[in-house]
Amino acid sequence: AQGITAVNKLDFNWDHNFAAGGPIKQNKIWYFSAFELSQFNILVANVYFKDGRQADTGGHIKPNGTARITSQLSAKDKMSFAYNNTTSLTDRYDFSATTTPEAGLRVNSPLNYSGILKWTRTATSRLLLEFGQSVAASTYHWEYQPDVGIFEVPKRNQTTGVTSNASSTAPVENFNNSYNTLANISYVTG
């Protein structure tokens, strides 16, 4: 009755995982690794491509990988290193029933990683020492759709509230990194 010809709905959703781990050297060095690849796509209410198909978000795809190595250096000392890497791509990130397909912002995150190196020492049956250093970095590219020029501007229909021609968010590059140092002394009294 309100003119809606198609509603929001899940087009597809899948997730694949693989993990492996175990000893490299018995009672000395262990490894663990995992990989995940997932993707989902949402069909957007009342918005259509020029060829008549219901418009979608473009299939957000996200691969993730993790690896860890732990080594028992001595009876009291343990060292571990862990690394995680993930990327993602969403073709039409801020896409809704009030946005035409070309005005959906494309978000690409090609570099997202973190790593940590940690040393643990059980000094006595009551005293535990820990020291660690981590680094993390992330990159985001907020982009117009490939067929939209960099100097295009968004157009908003005041009657319908629909934004067309280009995203209302300007393209931007964003890079963040952080470092974290950990130092703990734990003493158990009882």
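The values are calculated or read from the model by the stated rules, or taken from the named source; none is laboratory data. Not measured: the values here are computed from a predicted model. When we count neighbours, we look across all protein chains shown, and the Cβ atoms used for this are built from the backbone with ideal geometry, even at glycine. Surface accessibility is based on the protein's heavy atoms, side chains included, excluding ligands, DNA and RNA. Shrake-Rupley method; radii C 1.70, N 1.55, O 1.52, S 1.80 Å.
Please indicate, with yes or no, whether at least one residue in the range 120-131 is basic (Lys, Arg), in contact (Cβ under 8 Å) with a residue 40 or more places away in the chain and part of a strand (DSSP E or B).
Our first condition is that a residue be basic (Lys, Arg); within the range 120-131, this holds for 121, 126.
Next cut, in contact (Cβ under 8 Å) with a residue 40 or more places away in the chain only: 121, 126.
Next cut, part of a strand (DSSP E or B) only: 121.
Yes, there is a match, as at least one residue in the range 120-131 is basic (Lys, Arg), in contact (Cβ under 8 Å) with a residue 40 or more places away in the chain and part of a strand (DSSP E or B).
Yes or no, residue by residue, for (1) in a strand (DSSP E or B); (2) of a type outside the set (Val, Ile, Thr):
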{"residue": "4", "(1), (2)": "no, no"}
{"residue": "19", "(1), (2)": "yes, yes"}
{"residue": "23", "(1), (2)": "yes, yes"}
{"residue": "40", "(1), (2)": "yes, yes"}
{"residue": "71", "(1), (2)": "yes, yes"}
{"residue": "83", "(1), (2)": "yes, yes"}
{"residue": "88", "(1), (2)": "yes, yes"}
{"residue": "93", "(1), (2)": "no, yes"}
{"residue": "109", "(1), (2)": "yes, yes"}
Quiz item: Restricting the range 62-76 to residues that are surrounded by fewer than 16 Cβ atoms within 10 Å (Cβ to Cβ) and of a type in the set (A, V, I, L, M, F, W, C), which is farthest from residue 34 (Cα to Cα)?
Solution: 75
Quiz prompt | Residues of the range 15-37 that turn out to be at positive phi and open to solvent by 60 Å² or more (accessible area, probe 1.4 Å), as a count | solution = 1
Quiz item: Is there a residue in the range 90-106 that is charged (D, E, K, R) and open to solvent by less than 50 Å² (accessible area, probe 1.4 Å)?
Solution: yes
Quiz item: Given the residues 166, 103, 137, which is the only one that is among the small types (Gly, Ala, Ser) and touching a helix residue (DSSP H, G or I) at 6+ places or on another chain (Cβ under 9 Å)?
Solution: 166
